[in-house]
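The values are calculated or read from the model by the stated rules, or taken from the named source; none is laboratory data. Since we're looking at a predicted model, the values are computed, not measured. Methodologically, a virtual Cβ is constructed for each residue, glycine included, from the backbone with ideal geometry; neighbour enumeration extends over all protein chains shown. Areas reflect the complete protein model, heavy atoms only, side chains present, ligands, DNA and RNA absent. Shrake-Rupley method; radii C 1.70, N 1.55, O 1.52, S 1.80 Å.
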Amino acid sequence: MLLSQTLSPIALKNSTKVAFKYLKHSITYKEYWETASRFSYFLQKEIGHGLRVGLWMSNCPQLAYCFIALTNTKNCAVPLNPWATPAENLFKLKNAEVTVVLCSSDHIRKLKELLQENGLGAVKVIDMEGKRCTEYDTSYTPPPNHAPLDKDDVLLFYTPGTTGKYKGCLFNHIAITQAVVGIKNGSKALGTDVFFTQSHYSELPHFMHFLLAPLAIGATVFI
């Protein structure tokens, strides 16, 4: 099953509920899913399909919109931590062969400087935080020749494991969906719950437990 097939019925069912509380904003499930769909069309036009795409953002709703849009468009997300050491981030960018980075506005200047200073100036950087993409439809339909498959690799996380040397771990739609459903069933959390983490979503447990799983429950993510 595709990740969107797991999350979209929840968003539809809970359309008027708050999906994200972020700064002074309350974003409903309807708004979040429609924005993710618009981002899908934007990224399809802007970067195409089949790429490794970095997510270089502070914790924000745009990170969720971008991730869903990347899974819709057969791209693979590589979550990065803007506060990690330059060496760590450069290793991930080069090892994953990232060609595009989606960024939040607060990090764009330093990111471009880092890339330029380390021979990665050709990597395309897109500031997604200010994007609304209102010119696009609110319901995404992929082109027939690029329809997502449940075995598409859509998430690449890096972990130091027990050796301290970072290794990449690929996840397809099936693996992510099974993990999210397992967390959902095991936590016994309710749609009335509010989830919060001080850790960055570039850490796999927090990405799964405090971003994707709450959205699969119909709960609120407080950022």
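Helices (runs of 4 or more DSSP H) fully within the stretch 114-223 that include at least 3 residues being within 19 Å of residue 29 (Cα to Cα): 173-187, 213-217.
As for the stretch 44-57, it holds at least one residue that is within 30 Å of residue 192 (Cβ to Cβ), assigned to a strand (DSSP E or B) and either modelled with pLDDT of 95 or more or open to solvent by less than 30 Å² (accessible area, probe 1.4 Å) (or both).
Within the stretch 62-77, being of a type in the set (S, T, N, Q) and part of a helix (DSSP H, G or I) holds for 62, 71, 72. Only one residue in 77, 64, 87 is surrounded by 24 or more Cβ atoms within 10 Å (Cβ to Cβ), more than 21 Å from residue 136 (Cα to Cα) and either modelled with pLDDT under 95 or not β-branched (Val, Ile, Thr) (or both). Which one? Within the list 77, 64, 87, the selection yields 77. A count restricted to the stretch 76-103 and to residues that are under 16 Å from residue 128 (Cα atoms) and under 12 Å from the mean Cα position of the chain (by Cα) stands at 7. Within the stretch 164-203, being open to solvent by less than 60 Å² (accessible area, probe 1.4 Å) and touching a Gly at 6+ places or on another chain (Cβ under 9 Å) holds for one residue alone: 191. Is it true that residue 30 is at pLDDT 95 or above, surrounded by fewer than 19 Cβ atoms within 10 Å (Cβ to Cβ), in contact with a strand residue (DSSP E or B) (Cβ under 8 Å, 6 or more places away or on another chain) and more than 14 Å from residue 131 (Cβ to Cβ)? No: the conditions fail for residue 30.
Residues are listed down the side, and each one gets a yes or a no for (1) farther than 17 Å from residue 68 by Cα; (2) of a type in the set (Val, Ile, Thr); (3) touching a residue at least 12 places away in the same chain (Cβ under 8 Å); (4) in contact with a strand residue (DSSP E or B) (Cβ under 9 Å, 6 or more places away or on another chain):
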| position | (1), (2), (3), (4) |
| --- | --- |
| 170 | no, no, yes, yes |
| 176 | no, yes, yes, yes |
| 185 | yes, no, no, no |
| 199 | yes, no, no, no |
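Counting only residues that are touching a residue at least 40 places away in the same chain (Cβ under 8 Å) and farther than 24 Å from residue 16 by Cβ, which one in the stretch 204-223 is surrounded by the fewest Cβ atoms within 10 Å (Cβ to Cβ)? Per the stated criteria, the residue is 204. Scoring residue 122 on the criteria (1) without any contact (Cβ under 8 Å) to a residue 60 or more places away in the chain; (2) within 26 Å of residue 197 (Cα to Cα); (3) among the small types (Gly, Ala, Ser) leaves a single failure, condition (2). Out of 16, 71, one residue alone is open to solvent by less than 50 Å² (accessible area, probe 1.4 Å), more than 16 Å from residue 133 (Cβ to Cβ) and not acidic (Asp, Glu). It is 71. Of everything in the stretch 90-100 that is among the hydrophobic types (A, V, I, L, M, F, W, C) and over 14 Å from residue 111 (Cβ atoms), the residue that is least open to solvent (accessible area, probe 1.4 Å) is 96.
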